[in-house]
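A.B. asks: Please see the structure below; I have some questions.
The values are calculated or read from the model by the stated rules, or taken from the named source; none is laboratory data. Here the structure is a predicted model, which means the values were calculated and not measured. Methodologically, a virtual Cβ is constructed for each residue, glycine included, from the backbone with ideal geometry; neighbour enumeration extends over all protein chains shown. What goes into the accessible areas is simple: the full protein's heavy atoms, side chains included, and nothing from ligands, DNA or RNA. Shrake-Rupley method; radii C 1.70, N 1.55, O 1.52, S 1.80 Å.
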2 protein chains.
Amino acid sequence: MKPSWPETVGDAGQDETVDVWAPAELRIIQKKGGYRFALDSLLLSDFARFKPRDRVLELGTGGGIIALWLSRKYPEIHLVGLELQVGLMELARRNRILNQAENRISLVRGDIRLLAHFFRPASFDAVVTNPPYRPLRTGRINPQSEKALARHELTVDLEQLLAASGQALKKGGRFFLIYPVRRLAALLALSRQNRLEPKRLRLVQSLADREADWVLLEAVKEGGEELRVLPALVVYKNPGVYSPEVRGLLGR
Amino acid sequence: MKPSWPETVGDAGQDETVDVWAPAELRIIQKKGGYRFALDSLLLSDFARFKPRDRVLELGTGGGIIALWLSRKYPEIHLVGLELQVGLMELARRNRILNQAENRISLVRGDIRLLAHFFRPASFDAVVTNPPYRPLRTGRINPQSEKALARHELTVDLEQLLAASGQALKKGGRFFLIYPVRRLAALLALSRQNRLEPKRLRLVQSLADREADWVLLEAVKEGGEELRVLPALVVYKNPGVYSPEVRGLLGR
């Protein structure tokens, strides 16, 4: 599901492109050979919901696209992006400047597994994350290490990610994630183990008659048991033709 | 979602009806005021899949409709129905005779929580169950006790049900269940705790644009992690008009 957007308007540096994402008027520098913003990030940004003045943590902020999109959509929230990789952090800093979001997004370089070194426990109203998702020892490890780290669980696994999120959130705080549906059972079980009660779930499937690929999840820290499952999000109306919902998200 | 089928063709005894379910040519005696066969049982019967000569356990067989439907669809399997309530067990016996299924269905009266008293561990190829599903202390307890026992977790809760199922199944054995989707997280977490790995999941929603009501689950005893989520089953095309898929199941 590699989208054909946003539009590339030029080169930034060596091996880089500048892409403009029309609906939010964001300008995003991305590495040509590195991890590039894709549909999963867009869907997560649309699924997440915040209250004015929420303090929001993004775990694994990458080049900063989700943080930028959210701070455009919710101008009153304050976002903190945590990212381990130097190269991506640098890219996120440049993207933040390019979009004049310096006072709304803080960027912190660090390891999700060492969250307590950076933030006080229960200090966030929301956590949002589009984590690496191939479990280690499956799939081919990409030789380009930045891409490999962003895609594989080389540095953080699902269990560690949910533990960190549970730790960071206040009681009643909200957790938003997109993840491959084939690990849904582990995701829901580990969420509950970390006192993140699944409350809203939406499947993403490429076509109406296909099996789901991804799941969007909203969980609430120490929430009561009551899960709602929304109608599935269908990406393509016909092969190659986006559905009206996704066209709306893309602003075309 | 109370279906308007099967067709009631007459009275059997006092406060009883005989209903004919056309596609399988089953004749089912049901209590007028008791628990009556509904759409959830039909959907589960359609979702479950067996191999020839499978030994299948139904937990909470009630009046026997699921067992009868499955033994009609898979004539070579042997079904064992476990039911706690005397009245429902008696009804199941009469329904078994009415449908000439004495040699294909065994009926055992007993408590799911005491499964080890009735069956050897790991002695079944499949377990199928449409269990009572309102957790205790929620909802209004129906004053008619048979209905209350069949609907509420008065005698067995989800955890006990999954423990019993995990115990009854052979390695690689299959577990099939229909359950309210609002408890999906607990369902998947408890399945894994009992070494029943969720493998195939289908949501059931009343209309295409509505939230899901039920979930159909297939899990495999000691299976590997890899969940598939099928496109949702939509019951009504328009309010009051069954979808083509459900019309197909109803044979009309």
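A.B. asks: Are any residues in segment A:211-230 in contact with a Phe, Trp or Tyr (Cβ under 9 Å, 6 or more places away or on another chain) and not hydrophobic (A, V, I, L, M, F, W, C), and if so, which ones?
C.D. replies: A:Glu218, A:Lys221
A.B. asks: Here's another thing I want to ask about it. Residue by residue through segment A:53-93, note down the ones that are of a type in the set (Asp, Glu) and surrounded by fewer than 24 Cβ atoms within 10 Å (Cβ to Cβ).
C.D. replies: Once the filter is applied, which keeps residues that are of a type in the set (Asp, Glu) and surrounded by fewer than 24 Cβ atoms within 10 Å (Cβ to Cβ), segment A:53-93 yields A:Asp54, A:Glu76, A:Glu90.
A.B. asks: Same structure, new question: Kindly check whether there is at least one residue in segment B:177-184 that is part of a helix (DSSP H, G or I), free of Cβ contacts under 8 Å to residues at least 60 places away in the same chain and among the β-branched types (Val, Ile, Thr).
C.D. replies: yes
A.B. asks: I've got another one for you. Filter segment A:190-203 down to the residues that are more than 11 Å from chain B (Cβ to nearest Cβ) and either under 14 Å from A:Asn130 (Cβ atoms) or of a type in the set (S, T, N, Q) (or both) and list them by number.
C.D. replies: A:Asn194
A.B. asks: Filter segment A:94-112 for residues that are surrounded by 15 or more Cβ atoms within 10 Å (Cβ to Cβ), more than 18 Å from the chain's Cα centre (by Cα) and part of a helix (DSSP H, G or I) and give the result.
C.D. replies: A:Arg94, A:Leu98, listed by residue number.
A.B. asks: Just to be sure before I move on: is B:Ala148 more than 21 Å from B:Leu43 (Cα to Cα), open to solvent by less than 10 Å² (accessible area, probe 1.4 Å) and modelled with pLDDT of 65 or more in the structure I sent?
C.D. replies: So B:Ala148 does not fit the description; no.
A.B. asks: Is there a residue in segment B:119-129 that is modelled with pLDDT under 95 and either open to solvent by less than 20 Å² (accessible area, probe 1.4 Å) or closer than 27 Å to B:Val234 by Cβ (or both)?
C.D. replies: No, segment B:119-129 contains no residue that is modelled with pLDDT under 95 and either open to solvent by less than 20 Å² (accessible area, probe 1.4 Å) or closer than 27 Å to B:Val234 by Cβ (or both).
A.B. asks: Which residues, counting only those in segment A:166-178, are of a type outside the set (Gly, Ala, Ser), open to solvent by less than 40 Å² (accessible area, probe 1.4 Å) and more than 23 Å from A:Leu39 (Cα to Cα)?
C.D. replies: Matches in segment A:166-178: A:Leu169 only.
A.B. asks: Scan (1) closer than 26 Å to B:Arg202 by Cα; (2) in contact with a strand residue (DSSP E or B) (Cβ under 6 Å, 6 or more places away or on another chain) for the single condition B:Arg49 breaks and write down its number.
C.D. replies: (2)
A.B. asks: While we're on this one: Among strands (runs of 3 or more DSSP E) lying entirely in segment A:26-92, which contain 1 or more residues that are within 19 Å of A:Ala219 (Cα to Cα)?
C.D. replies: It comes to A:55-59, A:78-83.
A.B. asks: Just a yes or no: is a residue in segment B:179-189 more than 10 Å from chain A (Cβ to nearest Cβ) and either surrounded by fewer than 20 Cβ atoms within 10 Å (Cβ to Cβ) or within 20 Å of B:Ser243 (Cα to Cα) (or both)?
C.D. replies: no
A.B. asks: Are there any pairs, at least 6 apart or on different chains, whose C-beta atoms fall under 8 Å, with the first in segment A:109-125 and without any contact (Cβ under 8 Å) to a residue 60 or more places away in the chain and the second open to solvent by less than 80 Å² (accessible area, probe 1.4 Å) and among the polar types (S, T, N, Q), and if so, which?
C.D. replies: Going by the 8 Å Cβ cut-off, the qualifying pairs are A:Asp111/A:Thr155; A:Ile112/A:Thr155; A:Ile112/A:Gln160; A:Arg113/A:Thr155; A:Arg113/A:Gln160.
A.B. asks: Specify the residue that is surrounded by the most Cβ atoms within 10 Å (Cβ to Cβ); the eligible residues are those in segment B:204-245 that are within 7 Å of chain A (Cβ to nearest Cβ), in a strand (DSSP E or B) and in contact with a helix residue (DSSP H, G or I) (Cβ under 6 Å, 6 or more places away or on another chain).
C.D. replies: The extreme case among them is B:Ala212.
A.B. asks: Now a separate question. State whether the residues of segment B:29-38 include one that is among the basic types (Lys, Arg), in contact with a strand residue (DSSP E or B) (Cβ under 6 Å, 6 or more places away or on another chain), open to solvent by 20 Å² or more (accessible area, probe 1.4 Å) and modelled with pLDDT of 95 or more.
C.D. replies: No - not one qualifying residue is present in segment B:29-38.
A.B. asks: I've got another one for you. Mind counting the residues in segment B:45-61 that are within 13 Å of B:Gly173 (Cβ to Cβ) and under 10 Å from the mean Cα position of the chain (by Cα)?
C.D. replies: So the count comes out to 1.
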